[in-house]
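Enquirer: Here you go, one structure.
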């Protein structure tokens, strides 16, 4: 196992992590932006007002995207296990 293989594996793992985290983070970003605009328009300065909607949006995004996330993780794991003989030489 050389440095190039390790860096390539690290890059694939990092990219998978970004893909898996994206749905929940994008949902939280959109909900946070909408609530911030609402707070600015109504001049409500309550810090905790956005917490529950963000959590609910993240959970909803994970429920909707859950099968896709599991499929991506399973595919990556299967590929990694299949590559073990070539990595060990």
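Enquirer: Can you work out which of the residues in segment 57-89 that are modelled with pLDDT under 95 and surrounded by 11 or more Cβ atoms within 10 Å (Cβ to Cβ) is farthest from residue 32 (Cα to Cα)?
Expert: 87
Enquirer: For segment 13-42, enumerate the residues that are touching a residue at least 12 places away in the same chain (Cβ under 8 Å) and more than 20 Å from the chain's Cα centre (by Cα).
Expert: Matches in segment 13-42: 35, 36.
The values are calculated or read from the model by the stated rules, or taken from the named source; none is laboratory data. Just so it is clear, the model here is predicted, and its values are computed rather than measured. Ideal geometry is used to build each Cβ from the backbone, glycine not excepted, and the neighbour counts take in all protein chains shown.
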